[in-house]
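I have placed the structure first, in the form of structure tokens, so that the comments after it can refer back to it.
Every number in this text was worked out from the coordinates using simple rules, so none of it is lab data. Here the structure is a predicted model, which is why all the values come from computation and not from measurement. For neighbour counting, all protein chains shown are included, and Cβ atoms are generated from backbone atoms with ideal geometry for every residue, glycine included.
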Amino acid sequence: MEATLFIITALTALVSSLLVVTGKKPINSILFLIVTFFCVAVFYLMLGAQFIAAMQIIVYAGAIMVLFLFVVMLLNMREEQIWEKLTSSRKVIAFVVALGVLSVVVTAVTVTLSTPNPADSQYELGTVEAIAEGLFSCWLLPFEMASVLLLTAIIGVVMMVKRKEQEETVTEEPKS
Amino acid sequence: MTVTVEWYLALSAVLFAVGVGGVLLRRNALIIFMSVELMLNSANIALVAFSHYLNNIDGQLFVFFVMAVAAAEVAVGLAIIITIFKHKGSVDIDKVNLLKW
């Protein structure tokens, strides 16, 4: 039962992630990326990480992908001709590097996991209570720093988008 | 047949490779950005799998922070992409070589 669920979800995730990478229109890539994120949320549930699964759907499939959709709406991009423009040597290099990364990770996994399972896994690991206990005790400083990081990101984005307007006001000032 | 941690790690590795391929093959900055998100997610799967395997909550907390950093990164990155589009009228990364010598 668990194995069939895993295989079905893994195949869906793989196919949709490949469609993200090969999609011609950015909007199709975004929709397939949302499918991939939902599959990842299913994996989190199977691994007993309920809180992280909820965060995955709310933050990734909700907030982040809405940002992407807004950018596609604002930019109004034409269909790109990416595959024609790429030289064949570049394609070969890209495939070789991707396969190299895959082989490195697979070797690392197979070498590391020869040791037996050290602890019996339990499914009550990722409850909100357990996450909060860790987050507000020994991970309190990183948690607060994450809030500072998000504030910095907000200010940075506002400054980046506002800069042009500011320059215009600076150039207008001497006239008046 | 039970699902072991190796299955999740193999899936994570394959998703990461797909993300690497996307970053290297595509010329659209937006799609490259989505491939980076895919790679971050595959790393998250590996972290949660190890958290389950070691019966330790710290992996899931780390995933929480990765999500916070990813949210900040997406906001800043998309703002940069919009600014580049305003300047160049395109998000093709071959046309953006302002910082290239």
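Quick notes on this one:
- Loop trypsin sites (Lys or Arg not before Pro), segment B:29-101, which have at most 16 other Cβ atoms in a 10 Å radius of their Cβ (DSSP): B:Lys95, B:Lys100
- Applying the Karplus relation 6.51 cos²θ - 1.76 cosθ + 1.60 with θ = phi - 60° to segment A:139-154 yields 3J(HN,Hα) values of 9, 5, 5, x, 4, 5, 5, 4, 5, 5, 4, 5, 4, 4, 4, 4 Hz, where x marks Gly and Pro.
- Helical content alone sets the calculated 222 nm signal of the protein assembly as shown at -25500 deg cm²/dmol, taking -39,500 (n - 2.57) per DSSP H segment of four or more residues and averaging over every residue.
- Look at the dipole of the protein assembly as shown built from charges on Cβ: of A:Met145, A:Ser88, A:Asn28, the Cα furthest out on the positive end belongs to A:Ser88.
- Karplus 3J(HN,Hα) series, Hz, for segment B:69-78 with 6.51 cos²θ - 1.76 cosθ + 1.60 (x for Gly, Pro): 5, 5, 4, 4, 4, 5, 4, 5, x, 5
- Sites A:Leu151 and B:Asn56, calculated FRET efficiency, Cβ-Cβ separation with R0 25 Å, nearest 0.05: 0.25
- Distance between the pseudo-spin-label points of A:Leu14 and A:Met159 (7 Å out from Cα toward the beta carbon): 4.6 nm.
- Table column - 3J(HN,Hα) (Hz), segment B:10-27, Karplus curve with 6.51, -1.76, 1.60, x for Gly and Pro: 5, 4, 4, 5, 5, 5, 5, 5, 4, x, 4, x, x, 4, 7, 8, 7, 10
- Listed residue pairs exceeding 22 Å between alpha carbons, taken from A:Lys24/B:Lys100; A:Lys24/B:Lys95; A:Lys162/B:Lys95; A:Lys162/B:Lys88; A:Lys25/B:Lys100; A:Lys24/A:Lys91: A:Lys24/B:Lys100; A:Lys162/B:Lys95; A:Lys25/B:Lys100
- Note on A:Cys138 and B:Thr2: their simple-model spin labels are 2.6 nm apart, each label 7 Å out from Cα toward Cβ.
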